[in-house]
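A short write-up of the structure that comes next.
The values are calculated or read from the model by the stated rules, or taken from the named source; none is laboratory data. Since this is a predicted model, take the numbers as computed values, not measurements. Virtual Cβ from ideal backbone geometry, glycine too; neighbours counted across all protein chains shown. Heavy atoms of the whole protein, side chains included, go into the accessibility calculation; ligands, DNA and RNA do not. Shrake-Rupley method; radii C 1.70, N 1.55, O 1.52, S 1.80 Å.
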Amino acid sequence: MLEKALKGSPGYWIWLLVLGGIASIGMLAYVVQLNMGLTVTGMSRDVSWGFYIAQLTYLVGVAASAVMLVLPAYFHHYKAFKKIIILGEFLAIASVAMCILFVTVDLGQPQRLFNVVLHPTPNSVLFWDMVVLNVYMFLNLFIGWVTLESERNRVAPPHWLKYFIYLSIIWAFSIHTVTAFLYAGLPGRHYWLTAIMAARFLASAFASGPAILLLLVFLLQKITEFRAGDKAINTVATIITYAMCVNIFFYLLEIFTAYYSGIPGHQHPITYLFSGLHGFDQWVPYMWVAVAGAALSLVLLIPAKIRYNHTVLPYALGLLVLATYIDKGIGLIVGGFTPTPFETVTEYVPTIPELMITVGVYAIGALILTVLWKVALEVKRDLGTIGEKPEDVEKLYVSKL
Amino acid sequence: MSKTRRDFLKIAGMSALGLGCSALPAAAADPGHAPRKAAQGPAPGTLPDNALTATHWAMVIFTRRIKGPEHFDHIINACHQYHNVPEIPGHKDEIKWIWTDSFNHTFPEKETHFLAQDLEMMDFLLLCNHCENPPCVRVCPTKATFQRDHDGIVIMDMHRCIGCRFCMAACPYGARSFNFANPRPYIDGAKLNPDYPTRMRGVVEKCNFCAERLAKGQMPACVEASEGAMLFGDLDDPNSEVRKALRENFSIRRKTTLGTQPSVYYII
């Protein structure tokens with residue numbers, strides 16, 4: 001089926017070339033980092049993780065786009081999702097690929113990457129994060145490919161595939177949980193030392209992952225004749241709304257625990273993020289933009305009338321993605337390292353090479369996504385189901401047989 | 001022709017059998033890996049005869065015996081010079097194994113607004129605490145940072161380090177430094193110590209309690225330079241210098257509430 005990706009309109013090839021160009025620029029910036037070391041980044045002795053690990057943290061959440069479609073479809077036989085599951089699975093593949101790339105560009109000695117495999121360390125969460133991310137990527141690739149191949153051949157997927165699908169549903173929870181454990185178990189990092197870190201990761205993931213998927217589906221519907229079906233979009237939007245409510249609820253639990261207890265160690269990271277600490281306050285505007293974005297997105301998403309208005313929905317989802325990105329993609333890292341173990345503040349700002357490498361990795365992710373979605377859409381086009389409603393897809397097999 | 005082939009197969013079969021048999025004595029002779037315990041001491045042959053050994057190395061710092069800033073500099077330079085620690089300007093990429101800071105920064109959980117004036121003006125030495133329960137060892141994905149079973153020293157294997165900096169995030173004392181850039185241009189060539197290797201870009205480094213000097217029967221460089229302000233010895237030996245000092249003086253440790261059990265004791 002990969003040959004489907006080799007034929008396309010001039011716009012398709014121009015898009016691939018543009019992405020390839022951006023990825024190449026990112027690659028050049030990475031070569032500079034490789035030669036000069038991580039000194040080209042804004043990270044320091046006191047803030048030893050930065051933008052790269054922040055992207056990993058957020059993109060693990062985007063990979064949740066698959067499970068929020070697969071779980072209702074296969075555990076609860078919700079047929080409206082059948083058509084867009086493949087898009088969610090392929091988005092998960094691109095997201096996890098970007099996660100792995102961000103970890104790799106973050107390493108001081110990337111040529112020794114396989115020491116993680118050669119010297120397995122069950123005590124280390126990073127070891128398990130490598131395991132769960134790679135397995136999840138290959139699970140989605142395997143399931144997506146077999147499903148698409150079966151669809152192309154107009155047969156039902158093989159019976160044994162069901163067990164891999166069940167495994168991938170459970171595995172999806174593990175990638176967020178293990179990534180949360182990267183942070184949750186470190187002594188002395190008050191912002192991260194919370195038992196509900198994994199739960200917050202899951203809630204944030206189930207809000208932002210499907211939101212990004214829906215935004216991309218809207219884009220897809222605009223530039224191609226693909227139709228996801230209103231029922232599917234509305235249900236995903238409802239799932240996103242509930243997940244975002246839970247996400248904000250969890251964050252408020254953290255605020256309450258820190259400020260009601262009055263313990264300075266728990267308060268300082270949140271104070272730094274929202275009003276500044278010891279005169280350092282560069283992230284305060286971003287955090288309040290996140291708060292406003294989250295509140296406004298919920299105002300637009302909670303009333304069903306507004307939520308099901310597909311003209312307003314993309315803006316609500318955009319605000320939600322912006323809010324969760326600032327909270328999880330930036331605030332979590334910066335908050336965890338502030339104040340330092342000496343109760344001082346060392347501010348972190350991503351540098352231009354850092355941002356170039358980040359954009360380069362995103363371009364590679366977009367390349368992967370473009371090729372995979374191209375294959376999926378061409379298969380549906382061949383079957384004649386690209387513009388049809390999901391409920392009619394079942395009949396196609398019966399009539400053909 | 002068929003006779004030749006039969007002879008060849010006969011010889012090949014006998015050769016394969018011989019190769020298989022030769023592997024058996026080596027496998028049978030392997031006694032396996034006995035579980036290593038701290039009380040057993042270092043594995044035979046890994047340390048020279050004159051090496052200093054202990055079951056739990058610990059350090060006591062008498063801050064009151066420090067004579068002034070020059071004394072601190074003397075101690076810090078002794079360590080950094082011996083270990084070729086680069087002197088990188090600025091705070092961002094700086095590398096340090098031992099350094100000084102104020103009371104409130106060294107012991108933030110013991111912070112008080114009305115600190116005694118002498119403590120307010122005092123500086124305190126900071127270095128790796130070589131915890132009994134080191135979080136950095138727990139999180140390292142390659143075992144590049146590990147704790148020696150027989151004496152509790154936490155050491156870095158810089159050749160295995162992938163530079164993920166998880167240990168820096170995990171260390172609640174800020175004891176670890178990362179080589180963000182190539183450190184060698186920042187080392188004074190005239191003072192280069194050929195006994196200890198320089199590092200390279202992209203690895204973490206920190207105080208190693210002078211494990212390589214202990215192996216040669218020498219005390220840590222900072223202890224020698226401290227002229228009695230720092231004591232180093234076996235915490236498990238009731239007759240050791242450190243135990244004697246701790247018996248006679250009140251001491252504190254950094255961030256004891258985290259349960260890491262630091263091995264550096266401060267006598268104010």
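Applying the criterion of being in contact with a Phe, Trp or Tyr (Cβ under 7 Å, 6 or more places away or on another chain) and part of a helix (DSSP H, G or I) to the residues of region A:31-52, the residue that is nearest to A:GLU149 (Cα to Cα) is A:TYR52. Taken together, B:SER263, B:SER226, B:SER251 contain a single residue that is closer than 16 Å to B:THR53 by Cβ, more than 14 Å from chain A (Cβ to nearest Cβ) and either touching a Lys or Arg at 6+ places or on another chain (Cβ under 8 Å) or hydroxyl-bearing (Ser, Thr, Tyr) (or both), which is B:SER263. Checked against the criteria, A:TYR251 does not count as in a helix (DSSP H, G or I), over 24 Å from A:ALA211 (Cα atoms), touching a residue at least 40 places away in the same chain (Cβ under 8 Å) and open to solvent by less than 60 Å² (accessible area, probe 1.4 Å). Can you pull out the residues in region A:227-276 that are of a type in the set (Asp, Glu) and more than 27 Å from the chain's Cα centre (by Cα)? Result: no residue meets the conditions.
Across region A:227-237, what is the number of residues that are surrounded by 15 or more Cβ atoms within 10 Å (Cβ to Cβ) and in a helix (DSSP H, G or I)?
Residues in region A:227-237 being surrounded by 15 or more Cβ atoms within 10 Å (Cβ to Cβ) and in a helix (DSSP H, G or I): 7 in total.
Look at A:PHE51 and say whether it is open to solvent by 10 Å² or more (accessible area, probe 1.4 Å) and in contact with a Ser or Thr (Cβ under 7 Å, 6 or more places away or on another chain). In short, yes. What are the residues in region B:49-71 that are closer than 15 Å to B:VAL223 by Cβ and either touching an Asp or Glu at 6+ places or on another chain (Cβ under 6 Å) or open to solvent by 20 Å² or more (accessible area, probe 1.4 Å) (or both), if any? Scanning region B:49-71 gives B:LEU52, B:ALA54, B:TRP57, B:ARG65, B:ILE66.
When both residues are 6+ apart or on different chains and their Cβ atoms are under 9 Å apart, which pairs have a first residue that lies in region A:83-105 and is within 14 Å of another protein chain (Cβ to nearest Cβ) and free of Cβ contacts under 8 Å to residues at least 12 places away in the same chain, and a second that is surrounded by fewer than 24 Cβ atoms within 10 Å (Cβ to Cβ) and not aromatic (Phe, Trp, Tyr)? Filtered contacts from region A:83-105: A:THR104/A:PRO110; A:THR104/A:LEU113. Per the conditions (1) touching a helix residue (DSSP H, G or I) at 6+ places or on another chain (Cβ under 7 Å); (2) at negative phi; (3) not aliphatic (A, V, I, L, M), the sole criterion not satisfied by A:PRO341 is (1). Among the residues in region B:215-224, are any more than 20 Å from B:LEU126 (Cα to Cα) and among the β-branched types (Val, Ile, Thr)? No: zero hits. Of the helices (runs of 4 or more DSSP H) lying entirely inside region B:78-189, those carrying at least 2 residues that are open to solvent by less than 30 Å² (accessible area, probe 1.4 Å), out of contact with any Phe, Trp or Tyr (no Cβ under 8 Å at 6 or more places or on another chain) and facing chain A (nearest Cβ under 7 Å) are B:166-170.
When A:ALA94 is tested against (1) outside any helix (DSSP H, G or I); (2) of a type in the set (Gly, Ala, Ser); (3) buried (at least 20 other Cβ atoms within 10 Å of the Cβ), just one condition goes unmet, and that condition is (1).
Only helices (runs of 4 or more DSSP H) whose full extent lies in region A:117-226 are considered here, and the ones with at least 3 residues that are among the hydroxyl-bearing types (Ser, Thr, Tyr) are A:125-152, A:161-184. Which residue, of A:LEU118, A:LEU113, A:LEU126, is without any contact (Cβ under 8 Å) to a residue 60 or more places away in the chain, touching a Phe, Trp or Tyr at 6+ places or on another chain (Cβ under 6 Å), open to solvent by 10 Å² or more (accessible area, probe 1.4 Å) and within 12 Å of chain B (Cβ to nearest Cβ)? After applying the criteria, what remains is A:LEU126. Checked against the criterion of being within 14 Å of chain B (Cβ to nearest Cβ) and either of a type in the set (Val, Ile, Thr) or not in a helix (DSSP H, G or I) (or both), region A:12-30 contains not a single residue that satisfies it.
Scan region A:162-220 for residues that are among the charged types (D, E, K, R) and surrounded by fewer than 17 Cβ atoms within 10 Å (Cβ to Cβ) and jot them down.
Of everything in region A:162-220, just one residue is among the charged types (D, E, K, R) and surrounded by fewer than 17 Cβ atoms within 10 Å (Cβ to Cβ), namely A:LYS162.
Does B:ARG199 satisfy the criteria of being within 14 Å of chain A (Cβ to nearest Cβ), farther than 27 Å from A:TYR191 by Cα and surrounded by 17 or more Cβ atoms within 10 Å (Cβ to Cβ)? The answer is yes for B:ARG199. Would you mind stating whether B:PHE103 is under 23 Å from A:GLY265 (Cβ atoms) and touching a residue at least 24 places away in the same chain (Cβ under 8 Å)? No.
A count restricted to region B:247-267 and to residues that are open to solvent by 40 Å² or more (accessible area, probe 1.4 Å) and either touching a Phe, Trp or Tyr at 6+ places or on another chain (Cβ under 8 Å) or of a type in the set (Gly, Ala, Ser) (or both) stands at 1. The single residue among A:LEU193, A:LEU161, A:LEU182, A:LEU167 that is without any contact (Cβ under 8 Å) to a residue 40 or more places away in the chain, within 14 Å of another protein chain (Cβ to nearest Cβ) and either among the hydrophobic types (A, V, I, L, M, F, W, C) or on the phi > 0 side of the Ramachandran plot (or both) turns out to be A:LEU193. Among residues of region B:216-262 being assigned to a helix (DSSP H, G or I) and within 17 Å of B:THR106 (Cα to Cα), the one that is farthest from the chain's Cα centre (by Cα) is B:THR257.
If you filter region A:333-354 down to residues that are more than 12 Å from every other protein chain (Cβ to nearest Cβ) and assigned to a helix (DSSP H, G or I), you find that the one that is most open to solvent (accessible area, probe 1.4 Å) is A:ILE352. Annotation: A:THR57 fulfils all but one of (1) touching a residue at least 40 places away in the same chain (Cβ under 8 Å); (2) touching a Leu at 6+ places or on another chain (Cβ under 7 Å); (3) surrounded by fewer than 22 Cβ atoms within 10 Å (Cβ to Cβ); (4) within 30 Å of B:ARG199 (Cβ to Cβ); the unmet one is (3).
When region A:312-332 is filtered for residues that are within 21 Å of A:ALA97 (Cβ to Cβ) and modelled with pLDDT under 95, the ones remaining, listed by number, are A:LYS328, A:GLY329.
Going through region A:255-266 one residue at a time, which ones are closer than 22 Å to B:LYS255 by Cβ and either within 14 Å of another protein chain (Cβ to nearest Cβ) or surrounded by fewer than 17 Cβ atoms within 10 Å (Cβ to Cβ) (or both)? Spell out how you get there, then give the answer.
Just the residues of region A:255-266 that are closer than 22 Å to B:LYS255 by Cβ, to begin with: A:257-258, A:261-266.
Within region A:255-266, A:THR257, A:SER261, A:GLY262, A:ILE263, A:PRO264, A:GLY265, A:HIS266 meet the criteria.
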